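A.B. asks: Just dropping this structure here.
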Amino acid sequence: MRSVDAAGAERSDQHNRKKPRLGTGMPLADAVVAGSAEAAASVQCGSMAVEEIVQHPLPGYEAPGALSFSPDDRRVAFLYSPDGTLHRKVFTFDPAQRRRELLFGPPDGGGLEEGNLSAEERLRRERSRERGLGVTRYEWRAPTSGGSTSRAGIVVPLPSGVYFQDLSGSEPVLKLQSSPTSPIIDPHLSPNGSMIAYVRDDELHTLGLFNGETRQLTYGARESGKVHGLAEYIAQEEMERKMGFWWSPDSKHLAFTEVDSSEIPLYRIMHQGKNSVGPDAQEDHAYPFAGAANVKVRLGVVPSNGGEVTWMDLLCGEPTGIHGDEEYLGRVNWMNNNTLAVQVLNRTHTKLKLLKFDIRTGKREVLLEEYHDIWITLHDSFTPLDKGVNSKHPGGFIWASEKTGFRHLYIHDNDGVCLGPITQGDWMVEQIAGVNESSGLIYFTGTMDGPLETNLYQTNLFPDWSIPLQSPKRLTRGTGRHSVILDHQLLRFIDVYDSMKSPPVILLCSLLDGSVIMPLYEQPLTVPPLQKFQQLSPEIVQFAAKDGTTFYGTLYLPDERIYGPPPYKTLINVYGGPSVQLVSDSWMSTVDMRAQYLRSKGILVWKMDNRGSARRGLHFEGQLKYNIGRVDADDQLAGAEWLINQGFAKPGHIGLYGWSYGGFLSAMCLARFPEMFCCAVSGAPVTAWDGYDTFYTEKYMGLPLEHPDAYEYGSIMHHARSLKGKLLLIHGMIDENVHFRHTARLINALMAEGKPYEILLFPDERHMPRRLSDRIYMEERIWDFVKRSL
């Protein structure tokens, strides 16, 4: 689920940004102007315009994104748009020469637009919350050994096809033609740079990048109602697994999924806003509702030059099969000896198996099994070791586990036996950034310095377990959030850093000690929009609940010079669901444009991460299990009481707003606590969990037949009788994630209880309004409702 908010709270991704040509000797930082005069004029002291809420990218997030080192580490590539729009091109920057150059711009001048995509590609963008236009991704191709360096370059997928751009400055070459009726989906370059694999017409294909030869590798999908090589809906939306095929390290094989959704009844969505009727005005989705069947997923391996498919001994989603506890295919990784490592989950998320497959025979071996009575969360930390642990333990791999209550890293031998921990403590590892087996060091990001920050750390890869583990060494500097990209030689890293006081800054740093080699991108805070928001950065507070639980909140206080001292009318921005954190030391908190707009109108805005939210450990998050609608709402009530006790909030004038899970929680709080909350804006809410998908719902709620009380209490309809305050419901009518049916069911319950409500519908929008005019209209309607109701 993870849709936080429609106002700009869908992340203006700092890792994916934008565009021009400047063949000057100036460093990247000097070549960037952070904000135009027009933008500067629009942000003035005092009240904001409603249009500012919906701007993309958000102020300060015009920074370059999708940064990567070239194969020889001499250049840094990135997506960028110097005019501050979402239309990006590919640039490179040479740190030695301090020279920035345009490497690739869409030959047609536009590249990707919302309107020139196939239906499948639009849905994939919806599930990944992608807003970027022009160029949205690229892949480096290293020069072949002994070949000309002119063959080094990048591969860029666009709606018109897949292009290759070398480093000589010549015109890009269209290598693979695409079309709206037969699009190229999810193309990826082979590790040796000789081929591109892609999905077309539900089958897996390859293209020889320089001989132009295409091969179809799989057959029979459409005839049997299956798809080869694409991740199923559940994997894309909930598992953070976007891919359905994986190149082997030697480029000789491809592992791929076969997805069979034939046993899932189709859920039809009608396009009620269209002028036409018929097939063009409806769409069908194989949507697995909680308690019902999932898709069946097989895993095959095929030679990249064509040949017979070898099927692995695996069939996920078949509860009556010999391995009936293997419900979900979570992750697929190649190991160094051309075997496959596959993570599979059981239906209740309490058991995970790491399986190893022989790709010649398809035979399996269980490397490890994990159990947890709360749940197991999938991760991307599985890392094979090339050299092995030592002479006694050749091979092996790094694994991550929450078995202590916090995610930490462990070394396992080739047979899956855990040899010992790499990290430990009451904090969590988030991602492995790099592994240097030669020096015995591992680099990772985590929360060791607090759950509101992210930093890069270094520690021993092979610790001496006869003595206490050494504390990891922090490499990034400055409080806030750091995301990093390490170079191939493990000598330098790019640090993309932001905080509540600083928009994204990009630094080139030494991996030895974290020292800054040179800034790659800095935004002058003297530019009026950035200076304005820096001065308006919110305040993070910490308080304890009655049981001693520590909570963090973010306060956006109105200007006392204009609106006088507190207490103020208050709106609480809620999300509250798992895997999301609203309160953090990030620029995203500062440029929450709806919060800033409301603050400019004299309204206090408050955010709080209740039990169940992310980055606080499994015990904190796991208290949500079987308790959706209970502990999350109770904690939001405690936050409102704290605001009143501190003298910030005005009793009788406290409302809520949220989207998706936050839409659910805002309506739930309004219904459960009618004496505290007077109004709520509920966007795309899950109103009954039996209407949401299997993977997400059952992880936190269990199966409907086994936990009917949890489902009943977690339904907003169960509490409709208690509702007193004013409720605004917002929903897109073609939402394929949280179906409009959720809002319709709640309306039925409200009418049965004689409860008034207001509704704002978008007939042609999905889970979040995307069209600018729709988003402006929505914000105007929200503000009108708040003025009347708060």
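The values are calculated or read from the model by the stated rules, or taken from the named source; none is laboratory data. Given the structure is predicted, the values throughout are model-derived calculations rather than measurements. Glycine also receives a Cβ, built like all others from the backbone with ideal geometry; neighbour counts cover every protein chain displayed.
A.B. asks: Suppose we filter the stretch 771-785 for residues that are surrounded by 15 or more Cβ atoms within 10 Å (Cβ to Cβ) and touching a helix residue (DSSP H, G or I) at 6+ places or on another chain (Cβ under 7 Å); how many remain? Before you say what the answer is, go through the steps one by one.
C.D. replies: Step one: of the stretch 771-785, the residues surrounded by 15 or more Cβ atoms within 10 Å (Cβ to Cβ) are 774-779, 781-783, 785.
Checking the rest, the ones that are also touching a helix residue (DSSP H, G or I) at 6+ places or on another chain (Cβ under 7 Å) come to 775-776, 779, 783.
Qualifying residue count for the region: 4.
A.B. asks: Going through Pro183, Pro265 one at a time, which residue ends up being of a type outside the set (Phe, Trp, Tyr), touching a helix residue (DSSP H, G or I) at 6+ places or on another chain (Cβ under 7 Å) and farther than 22 Å from His379 by Cα?
C.D. replies: Selected residue: Pro183, the only one of Pro183, Pro265 that is of a type outside the set (Phe, Trp, Tyr), touching a helix residue (DSSP H, G or I) at 6+ places or on another chain (Cβ under 7 Å) and farther than 22 Å from His379 by Cα.
A.B. asks: Give Ile442, Ile398 a once-over and let me know the one that is out of contact with any Asp or Glu (no Cβ under 6 Å at 6 or more places or on another chain), modelled with pLDDT of 95 or more and surrounded by 21 or more Cβ atoms within 10 Å (Cβ to Cβ).
C.D. replies: Values: Ile398 fails: surrounded by 21 or more Cβ atoms within 10 Å (Cβ to Cβ).
Checking each option against the conditions leaves just Ile442.
A.B. asks: Further question on the same structure: Checking Met676 against (1) over 19 Å from Tyr711 (Cβ atoms); (2) among the aliphatic types (A, V, I, L, M); (3) crowded, with 22+ Cβ neighbours inside 10 Å, only one condition comes out false. Which one?
C.D. replies: (3)
A.B. asks: Only residues that are in contact with a Gly (Cβ under 7 Å, 6 or more places away or on another chain) and at positive phi: list them for the stretch 213-254, please.
C.D. replies: Within the stretch 213-254, just Gly229 meets the criteria.
A.B. asks: Return yes or no: is Thr694 surrounded by 20 or more Cβ atoms within 10 Å (Cβ to Cβ), farther than 17 Å from Cys669 by Cα and of a type in the set (Val, Ile, Thr)? Can you show your working first?
C.D. replies: Values: surrounded by 20 or more Cβ atoms within 10 Å (Cβ to Cβ): yes; farther than 17 Å from Cys669 by Cα: yes; of a type in the set (Val, Ile, Thr): yes.
Yes, satisfied.
A.B. asks: Could you tell me whether Leu604 is under 30 Å from Lys532 (Cα atoms), more than 28 Å from the chain's Cα centre (by Cα), surrounded by 19 or more Cβ atoms within 10 Å (Cβ to Cβ) and free of Cβ contacts under 8 Å to residues at least 60 places away in the same chain?
C.D. replies: Working: under 30 Å from Lys532 (Cα atoms): yes; more than 28 Å from the chain's Cα centre (by Cα): yes; surrounded by 19 or more Cβ atoms within 10 Å (Cβ to Cβ): yes; free of Cβ contacts under 8 Å to residues at least 60 places away in the same chain: yes.
So Leu604 passes the test.
A.B. asks: Can you pull out the residues in the stretch 552-580 that are of a type outside the set (Ser, Thr, Tyr) and touching a strand residue (DSSP E or B) at 6+ places or on another chain (Cβ under 9 Å)?
C.D. replies: To start, the set of residues in the stretch 552-580 that are of a type outside the set (Ser, Thr, Tyr) comprises 553, 555, 557-562, 564-567, 569, 571-574, 576-578, 580.
Residues satisfying the conditions are Gly553, Leu555, Leu557, Pro558, Pro566, Pro567, Lys569, Leu571, Ile572, Asn573, Val574, Gly576.
A.B. asks: Would you check which residues across the stretch 666-705 are closer than 23 Å to Leu618 by Cα, outside any strand (DSSP E or B) and of a type in the set (Asp, Glu) and list them?
C.D. replies: Hit for the stretch 666-705 is Glu698, nothing else.
A.B. asks: Would you say Ser722 is surrounded by fewer than 18 Cβ atoms within 10 Å (Cβ to Cβ) and more than 24 Å from Pro769 (Cα to Cα)? Break it down stepwise before answering.
C.D. replies: Numbers: surrounded by fewer than 18 Cβ atoms within 10 Å (Cβ to Cβ): yes; more than 24 Å from Pro769 (Cα to Cα): yes.
Against the criterion (surrounded by fewer than 18 Cβ atoms within 10 Å (Cβ to Cβ) and more than 24 Å from Pro769 (Cα to Cα)), Ser722 qualifies.
A.B. asks: Does the stretch 643-673 hold any residues that are aliphatic (A, V, I, L, M) and touching a helix residue (DSSP H, G or I) at 6+ places or on another chain (Cβ under 8 Å), and which are they?
C.D. replies: Restricting attention to the stretch 643-673, the residues satisfying the condition of being aliphatic (A, V, I, L, M) are 643-644, 649, 654, 656, 665, 667-668, 670-671.
Across the stretch 643-673, the qualifying residues are Ala649, Ile654, Leu656, Leu665, Ala667, Met668, Ala671.
A.B. asks: In the stretch 143-227, which strands (runs of 3 or more DSSP E) lie fully inside it and hold 1 or more residues that are among the hydroxyl-bearing types (Ser, Thr, Tyr)? Write out each step before concluding.
C.D. replies: On the way: elements: 153-158, 161-166, 173-177, 185-189, 195-200, 203-208, 214-216.
Once the strands (runs of 3 or more DSSP E) in the stretch 143-227 are filtered for at least 1 residues that are among the hydroxyl-bearing types (Ser, Thr, Tyr), what remains is 161-166, 195-200, 203-208, 214-216.
A.B. asks: Next question, about the same structure. Of all the residues that make up the stretch 119-147, how many are among the small types (Gly, Ala, Ser) and modelled with pLDDT of 80 or more? Show your work before the answer.
C.D. replies: First, pick out the residues of the stretch 119-147 that are among the small types (Gly, Ala, Ser): 119, 128, 132, 134, 142, 145-147.
Adding the requirement that they be modelled with pLDDT of 80 or more leaves 119, 128, 132, 134, 142.
Going through the stretch 119-147 one residue at a time, the tally reaches 5.
A.B. asks: Among the residues of the stretch 59-68, is any buried (at least 23 other Cβ atoms within 10 Å of the Cβ) and of a type in the set (A, V, I, L, M, F, W, C)?
C.D. replies: Applying the first criterion (buried (at least 23 other Cβ atoms within 10 Å of the Cβ)) to the stretch 59-68 yields 59-65, 67.
From what is left, the residues that are of a type in the set (A, V, I, L, M, F, W, C) are 63, 67.
Scanning the stretch 59-68 turns up at least one residue that is buried (at least 23 other Cβ atoms within 10 Å of the Cβ) and of a type in the set (A, V, I, L, M, F, W, C).
A.B. asks: Right, next: What is the number of the single condition among (1) of a type outside the set (D, E, K, R); (2) under 22 Å from the mean Cα position of the chain (by Cα); (3) surrounded by 19 or more Cβ atoms within 10 Å (Cβ to Cβ); (4) under 27 Å from Gly553 (Cα atoms) that Pro529 does not meet?
C.D. replies: Going through (1) of a type outside the set (D, E, K, R); (2) under 22 Å from the mean Cα position of the chain (by Cα); (3) surrounded by 19 or more Cβ atoms within 10 Å (Cβ to Cβ); (4) under 27 Å from Gly553 (Cα atoms) one by one, Pro529 breaks only (2).
A.B. asks: Condition first: in a helix (DSSP H, G or I) and over 14 Å from Leu158 (Cβ atoms). Now tell me which residues in the stretch 116-130 satisfy that. Spell out how you get there, then give the answer.
C.D. replies: So in the stretch 116-130, the residues in a helix (DSSP H, G or I) come out as 116, 119-128.
Listed by number, the residues that qualify are Ala119, Glu120, Arg122, Leu123, Arg124, Glu126, Arg127, Ser128.
A.B. asks: Okay, moving on. Condition check: surrounded by fewer than 18 Cβ atoms within 10 Å (Cβ to Cβ), in contact (Cβ under 8 Å) with a residue 60 or more places away in the chain, over 15 Å from Gly300 (Cβ atoms) and among the aromatic types (Phe, Trp, Tyr). Does Tyr233 satisfy that?
C.D. replies: Details: surrounded by fewer than 18 Cβ atoms within 10 Å (Cβ to Cβ): no; in contact (Cβ under 8 Å) with a residue 60 or more places away in the chain: yes; over 15 Å from Gly300 (Cβ atoms): yes; among the aromatic types (Phe, Trp, Tyr): yes.
Answer is no for this residue.
A.B. asks: State which residue pairs qualify: first residue at pLDDT 95 or above and inside the stretch 508-523, second residue of a type in the set (S, T, N, Q) and exposed (fewer than 13 other Cβ atoms within 10 Å of the Cβ) in any location, beta carbons under 7 Å apart, and separation of 6 or more residues or different chains.
C.D. replies: If the second residue must be of a type in the set (S, T, N, Q) and exposed (fewer than 13 other Cβ atoms within 10 Å of the Cβ), the pairs left are Cys509/Ser515.
A.B. asks: Something else now. In contact with a strand residue (DSSP E or B) (Cβ under 9 Å, 6 or more places away or on another chain), surrounded by fewer than 19 Cβ atoms within 10 Å (Cβ to Cβ) and farther than 28 Å from Asp764 by Cβ: does that describe Arg74?
C.D. replies: Values: in contact with a strand residue (DSSP E or B) (Cβ under 9 Å, 6 or more places away or on another chain): yes; surrounded by fewer than 19 Cβ atoms within 10 Å (Cβ to Cβ): yes; farther than 28 Å from Asp764 by Cβ: yes.
So Arg74 fits the description; yes.
A.B. asks: Going by the conditions given, is Val505 touching a strand residue (DSSP E or B) at 6+ places or on another chain (Cβ under 6 Å), at pLDDT 95 or above and more than 12 Å from Trp587 (Cα to Cα)?
C.D. replies: Working: touching a strand residue (DSSP E or B) at 6+ places or on another chain (Cβ under 6 Å): yes; at pLDDT 95 or above: yes; more than 12 Å from Trp587 (Cα to Cα): no.
In short, no.
Residue-wise test of (1) in contact with a Cys (Cβ under 9 Å, 6 or more places away or on another chain); (2) crowded, with 20+ Cβ neighbours inside 10 Å; (3) under 26 Å from Pro578 (Cβ atoms); (4) not acidic (Asp, Glu).
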{"site": "Thr218", "(1), (2), (3), (4)": "no, yes, no, yes"}
{"site": "Met243", "(1), (2), (3), (4)": "no, no, yes, yes"}
{"site": "Ser276", "(1), (2), (3), (4)": "no, no, no, yes"}
{"site": "Tyr287", "(1), (2), (3), (4)": "no, yes, yes, yes"}
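A.B. asks: How about the stretch 258-348: which strands (runs of 3 or more DSSP E) wholly inside it have at least 1 residues that are hydroxyl-bearing (Ser, Thr, Tyr) and touching a residue at least 40 places away in the same chain (Cβ under 8 Å)? Break it down stepwise before answering.
C.D. replies: Details: elements: 266-270, 282-286, 296-303, 310-316, 328-334, 339-345.
So the answer is 266-270, 310-316, 328-334.
A.B. asks: Here is a list of conditions, (1) on the phi < 0 side of the Ramachandran plot; (2) in contact with a strand residue (DSSP E or B) (Cβ under 7 Å, 6 or more places away or on another chain), and Gly480 meets all of them except one; can you say which number that is?
C.D. replies: (1)
A.B. asks: Please count how many residues of the stretch 386-416 are under 32 Å from the mean Cα position of the chain (by Cα), in a loop (DSSP other than H, G, I, E, B) and within 22 Å of Ile467 (Cβ to Cβ).
C.D. replies: Here the count works out to 5.
A.B. asks: Continuing with this model, one more query. Have a look at His767, His718 and point out the one that is touching an Asp or Glu at 6+ places or on another chain (Cβ under 7 Å) and free of Cβ contacts under 8 Å to residues at least 24 places away in the same chain. Please lay out each step first, then the result.
C.D. replies: Values: His767 fails: free of Cβ contacts under 8 Å to residues at least 24 places away in the same chain.
Selected residue: His718, the only one of His767, His718 that is touching an Asp or Glu at 6+ places or on another chain (Cβ under 7 Å) and free of Cβ contacts under 8 Å to residues at least 24 places away in the same chain.
A.B. asks: To continue, here is another question. Can you find a residue in the stretch 299-309 that is of a type in the set (Asp, Glu) and either buried (at least 21 other Cβ atoms within 10 Å of the Cβ) or in contact with a Ser or Thr (Cβ under 6 Å, 6 or more places away or on another chain) (or both)? So that I can check it myself, show each step before the final result.
C.D. replies: First, the residues of the stretch 299-309 that are of a type in the set (Asp, Glu): 308.
Next, only the ones that are either buried (at least 21 other Cβ atoms within 10 Å of the Cβ) or in contact with a Ser or Thr (Cβ under 6 Å, 6 or more places away or on another chain) (or both) stay: none.
Among the residues of the stretch 299-309, not one is of a type in the set (Asp, Glu) and either buried (at least 21 other Cβ atoms within 10 Å of the Cβ) or in contact with a Ser or Thr (Cβ under 6 Å, 6 or more places away or on another chain) (or both), which makes the answer no.
A.B. asks: Suppose we filter the stretch 529-579 for residues that are farther than 24 Å from Gln55 by Cβ, out of contact with any Gly (no Cβ under 9 Å at 6 or more places or on another chain), touching a residue at least 40 places away in the same chain (Cβ under 8 Å) and of a type in the set (Ser, Thr, Tyr); how many remain?
C.D. replies: 3
A.B. asks: If you don't mind, another one. Within the stretch 360-374, how many residues turn out to be buried (at least 20 other Cβ atoms within 10 Å of the Cβ) and either polar (S, T, N, Q) or assigned to a loop (DSSP other than H, G, I, E, B) (or both)?
C.D. replies: Initially, the stretch 360-374 is screened for residues buried (at least 20 other Cβ atoms within 10 Å of the Cβ), giving 367.
From what is left, the residues that are either polar (S, T, N, Q) or assigned to a loop (DSSP other than H, G, I, E, B) (or both) are none.
Residues in the stretch 360-374 being buried (at least 20 other Cβ atoms within 10 Å of the Cβ) and either polar (S, T, N, Q) or assigned to a loop (DSSP other than H, G, I, E, B) (or both): 0 in total.
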